[in-house]
Amino acid sequence: MGMEQVWLLPAIPAGIFVVIALFSRILPRGGDWLAILGLITVTVLGVLVLIDFQGSFTGGHFDAHGNNVFAFDWIRVADDFFAIEFSTFVDAIAVTMIVVVSIVALMVMVYSVGYMHGEARYGWYFALLSFFTAAMLTLVVSGNMILLYLAWEGVGLASYLLIGFYWERRTAAEAAKKAFITTRIGDVGLLIGIILLWRATGSFDIQTIIEAARAGAIGETYLTVSMILLFAGAAGKSAQFPLHVWLPDAMEGPTPVSALIHAATMVVAGVYLVARFSPVYAEVLIARDVVLYIGLLTALMAATMGLVESDIKRVLAYSTVSQLGFMFVALGVGSVTAAMFHLFTHAFFKSLLFLGSGSVIHATEQQTVEQLGGLRRKLPLTATTFTIGSLALAGVPIFAGFFSKDEILLETLKGAPLAAYVALAFTAALTALYTTRLVVLTFFGEPRNRHAHEHAHEAPTSMAGPLVLLAALATVAGFVALDGVGKALGFAGGFGELVFLEEGHHFKLDPAVAFGATAASLVAIALGWAYWSGAAERAARARRWAPELHALLVNRYYLDNLYQAAIDRVVLGLARVVAWFDKRIINETGVDGGAQTIGYFGLRLKFLQTGRIPNYALAMAVGLAAIALLAFGTQ
Amino acid sequence: MLDRLPLPSQFDRIIVQGSIVAGMLGTPILVVLLALLLLSRISAPEFVFWLDATVVIAGALGAVLLRNIVHAALALIATLLGVAGIFLLLANEFIALVQVLVYGGGVTILLLFGLMLTNAQDEPVVSDGSQKPFAFGVAVIIGGLFIAAVIDANWGARVPAVVSFTAFGERLFRDFLIPVILIAILLDIALSGAFVNARRSRDEDEMAPTGGEARS
Amino acid sequence: MIPMENFLLLSAVLFAIGFYGVLARRSAILILISVELMLAGVAINFVTFATYLDSQAFSGAIFALFVITVAAAEVGLALGIVLRIFRERQTANVDEVDTLKW
């Protein structure tokens, strides 16, 4: 199994999707074992690809160690004028993504066996997870923009179907629609960007496009516009401002789905896309600045919103949005290493947090933090793993998040204005604060809902296993940044030696930055602990302290209202105009009018039909005579 | 039913009247033709042809123009027999025989029966349709076109051949065997269809078992 | 020795007369009679050509035979239909049968 057979990775779950979707009623246990077996295979194969890749690894991700494998022609018009090939491409970024996707997907599937036990449409759920995995892996290994776009929409579809998995619930159906439509707005940008790039280079092949752009074959303004449009697609998928509104609502789906799709894998597709094109973004600094500041704004906004949200899953969703903002900031300052590293660690600790929250919800049937509390004694394992994930998210040293967040802060300090660094550092501190709030309100203090608390029970093994594994990964994943660890695993060096833009990057802690960030985090944690661990009423004090600010945050900066108003006024107004036009002009004047005109003539002309055969015979004879005359005359 | 047939006296009258009309029309033509023959302007076959053609055309006109249906049917008989004569002139005795047997015998009798079973007895005189002028125009155009086409074409001096019975039979039953069989089947089906179509259906019988007798 | 054109002209005239009859007559029976006239004209045409132009094969004559046969079948069938119509509507006039109209 080498890089040439990488197409097998998406092919296996795709086949399993078809089998389960068709036969889930016949298969024992709805076919979940088939999906898990397939994912184990995929994970093993992914690791084999990684080994093969690091064996042939020579240098920067843009250069020769990328491997573009032609699979087959899809469309080929006039030789190379318009060619779409199915080709796979493996580089350091893709390998990182393969490992992340396959491991997290496997964990989530195993967890789902316990979590979704006894649900209706159990088999369909696993079919969808397989479908999602197939689409995501296609997206990751695609060497071609069209194939990438196809997979891009495929994961969007999977996300839509899984958010709306409980479609009997109105909110779930609405959330699914919202997610689909919002990401579609970005996808239009992506599609336009793809077409623009094709127009400039005549190719859909990603490497060809990147080479052409780096060689200066595309005008700078043109390239800037194309790259910003690509980023629009990425922002839609990765829930960046102003298209971030769908992700919190996406929590209507089953919790394991939130862990897999809306935390660890699908939402980082945007990061992946921008990282893929980072050599080009390095050429157009305006587009890169757009990425940087959008990411920064999103990170800050989402963190503040996470501070007041009371739904445990939504807090995590805001956290995800915020962390994705961090990744975009890293890309915005040109550090693929930091962005991919954070993606790597974030996938583990965020899916851990989501699975932990799923465990809490599974145990208590509650997901509002006001109704929880004191669960650490009832759910010791969940509490421990959740706390580990939280520490990683908060950026406490030795946990995975510390390394990657520190890397991003360092790069920001080096590559961006100081104000951006300060804002980002502040956001990191806010992260620690809301994380502490979440942990304290959920697991510490006194139970607020006696009934839910008393019926709480620890999760079954199939759910606990992934939690423990992911907790371990969330603890140690950060160490791959260190050279020694990387060498011990058989790589050339640490993570920075594997994924980089121009030249290898040796990880080293900047003492000032690291100390500052750690101190800020610890202070924030201490503050949060002091504030929220007390009596329940204290949690409500924030509202009295600054009611306007609180209302602003709880209402998500009124962005949803703004969008709703915009849709009501502009879109519906336009729709009314169009509907009027359709009703009056098209339908009543055009269609009905035409029909009425014809009907009128029919009413008048029907008297031509006497029903008497001699008349018909005469008409026929006249026609015959005319034709005969004509034939004789022209002869 | 029998009393709906034309009485022999009526037939006599029709035949006598028809003969008088035919004689009055035909005699001048006959005289002219005889004169031409005696003056050697036309040959004997041509004389016969023109005589025959007179019968055919006159009969056809009678069939189309006469207001009495029975008279028209009788005029048709004259035409069909005249056409048989034309076939004889064309040296094809077999077709002429068939023409006499099938048309003169079968078809005409069938037509007369149809007349009797419908409205011949009650209202023998009928009026024509209202589109006569148009019909006349179209017929003139079509006929004119045919005539023009015939005159226009250069046929050369063609010599008629005599078709013997034997040759005709060989050709018909050897080369055209399958069409003959098909025609036979067609006839069979057509007659069955005519029978099924024309006979009273069962419920009609039950509803009006005495209707026919009451009307007669 | 009769010129070929004579026969052809006769058949054309016969055909035209029959044509007129089909269009002008009201009674279904008379229309049938007119159709017979047209068929006779066609048969004359066939036999003429067979005799004058195709003396070896004389396929036209055989076709004339078929025409006569088919005409017989047609008359039988048509009379059946006419009888049926007469029984249903007490008329054999085609212009009184106009249920096809609007």
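The values are calculated or read from the model by the stated rules, or taken from the named source; none is laboratory data. A quick note: this is a predicted structure, and the numbers were derived from the prediction, not measured. Counting neighbours? That spans all protein chains shown, and the Cβs are built from the backbone with ideal geometry, glycine included. Side chains are part of the model used for accessible areas, which takes the heavy atoms of the whole protein and leaves out ligands, DNA and RNA. Shrake-Rupley method; radii C 1.70, N 1.55, O 1.52, S 1.80 Å.
Extension gain for the segment residue A:120 to residue A:171, taken as residue separation times 0.36 nm less the Cα-Cα distance, is 16.5 nm to one decimal.
Shown here is the pair-distance distribution of the range A:224-337: with all Cα-Cα distances grouped in 5 Å bins from zero up to the longest one, the shares run 2, 14, 25, 23, 17, 10, 6, 2, 0 percent. Using only Cα atoms, tell me the angle between helix C:28-53 and the longest principal axis of chain C; keep it within 0 to 90° and round to the nearest 10. Tilt relative to chain C: about 10 degrees. When all protein chains stay in place and ligands, DNA and RNA are ignored, the 1.4 Å accessible-area order of A:313, A:178, largest first, is A:178, A:313.
Surface calculation, 1.4 Å probe, protein heavy atoms: residue C:15 sits at approximately 40 Å² accessible.
Surface analysis of the range A:352-415 yields an accessible area of 28 Å² per residue, using protein heavy atoms and a 1.4 Å probe. Heavy-atom accessible area buried between chains B and A is around 800 Å² (1.4 Å probe, both sides summed). Rg and Dmax over the alpha-carbon atoms of the range A:404-452 stand at 16.7, 53 Å. Note on C:80-86: average number of Cβ atoms from other chains within 10 Å of each residue's Cβ is 6. Phi angles across the range A:40-48 convert, under the Karplus curve 6.51 cos²θ - 1.76 cosθ + 1.60 with θ = phi - 60°, into 3J(HN,Hα) values of 4, 4, 4, 4, 4, 4, x, 5, 4 Hz, Gly and Pro given as x. Probe of 1.4 angstrom, ligands and nucleic acids ignored: what's the accessible area per residue over the range C:4-89, in square angstrom? Accessible area per residue, the range C:4-89: 27 Å². Over the range A:90-185, the ratio between the Cα radius of gyration and 2.2 N^0.38 Å evaluates to 1.17. Holding the Cα-Cα limit at 32 Å, pick out from A:178/A:583; A:313/A:487; A:177/A:378 the pairs that are longer than that. Flagged as over cut-off: A:313/A:487; A:177/A:378.
About its Cα centre, the dipole of chain A is roughly 2000 debye, where the only charges are +1 on Lys and Arg Cβ and -1 on Asp and Glu Cβ.
Spin-label pair residue A:454-residue A:616: with each label point 7 Å from Cα along the Cα-Cβ axis, the two points sit 8.9 nm from one another. The residues of the range B:160-175 occluded by other protein chains by 20 Å² or more of accessible area, set against the chain on its own, are B:160, B:161, B:163, B:168, B:171, B:172; surface from heavy atoms, 1.4 Å probe.
Applying D = kT/(6 pi eta Rh) to the protein assembly as shown, where Rh is the Kirkwood radius over alpha-carbon pairs, T corresponds to 20 °C and eta to 1.002 mPa s, the Stokes-Einstein value obtained is 59 µm²/s. Taking every protein chain into account, the 1.4 Å probe leaves residue A:304 with about 20 Å² of accessible area, to the nearest ten. FRET efficiency for the residue A:5 to residue A:446 pair, using the beta carbon distance and R₀ = 41 Å, is estimated at 0.15. Amide hydrogen proximity for residue A:82: with H placed 1.01 Å from N in the peptide plane, the residues at 5 or more positions away or on another chain lying under 5 Å are A:77.
Rg then Dmax, both in Å and based on the Cα atoms of chain C: 17.0, 57.
A helix-only calculation puts the protein assembly as shown at -23000 deg cm²/dmol for mean residue ellipticity at 222 nm, using -39500 (n - 2.57) for each DSSP H run of at least four residues, averaged over all residues. Proximity of backbone amide H atoms, modeled 1.01 Å from N, is registered between residue A:144 and A:87, A:206 at under 5 Å, excluding neighbours fewer than 5 places apart on the same chain.
Relative to the longest principal axis of the Cα atoms of chain A, the long axis of helix A:170-201 makes an angle of roughly 80 degrees.
In the context of the full set of protein chains, residues of the range A:231-292 present 14 Å² of accessible surface per residue (probe radius 1.4 Å, heavy atoms only).
Interface of C with B. Using a 1.4 Å probe and counting protein heavy atoms only, the two chains hide about 6900 Å² of accessible surface, both sides summed. Summing both sides, the accessible surface hidden between C and A at a 1.4 Å probe radius is close to 1000 Å². Quick check for you: which residues of the range A:566-580 have the amide N under 18 Å from the point 7 Å beyond the Cα of residue A:597 toward its beta carbon? Output list for this probe position: empty.
Work out the mean other chain Cβ neighbour count within 10 Å for the residues of B:83-90 and drop it here as an integer.
What the average comes to for B:83-90 is 6.
Set against the 2.2 N^0.38 Å expectation for a compact globular protein, the range B:1-122 has a Cα radius of gyration ratio of 1.20. Note on residue B:177 and residue B:68: their simple-model spin labels are 5.2 nm apart, each label 7 Å out from Cα toward Cβ.
Between 0 and 90 degrees, the angle of helix A:8-23 with respect to the longest Cα principal axis of chain A falls at about 70 degrees.
Think of the protein assembly as shown as a dipole: +1 on every Lys or Arg Cβ, -1 on every Asp or Glu Cβ, centred on the Cα centre; then among A:531, A:151, A:272, A:531 lies furthest on the positive end. Within the accessible area of the protein assembly as shown, the carbon and sulfur atoms contribute 69%, probe 1.4 Å, all protein chains present.
Computed on protein heavy atoms with a 1.4 Å probe, the accessible areas place A:583, A:508 in the order A:508, A:583, largest first.
Rounded to the nearest 10 square angstrom, residue A:73 shows an accessible area of 70 square angstrom against a 1.4 Å probe. Only one residue of A:132, A:260, A:550 has its Cα farthest out toward the positive end of the dipole of the protein assembly as shown, where Lys and Arg carry +1 and Asp and Glu -1 on Cβ, and that residue is A:550.
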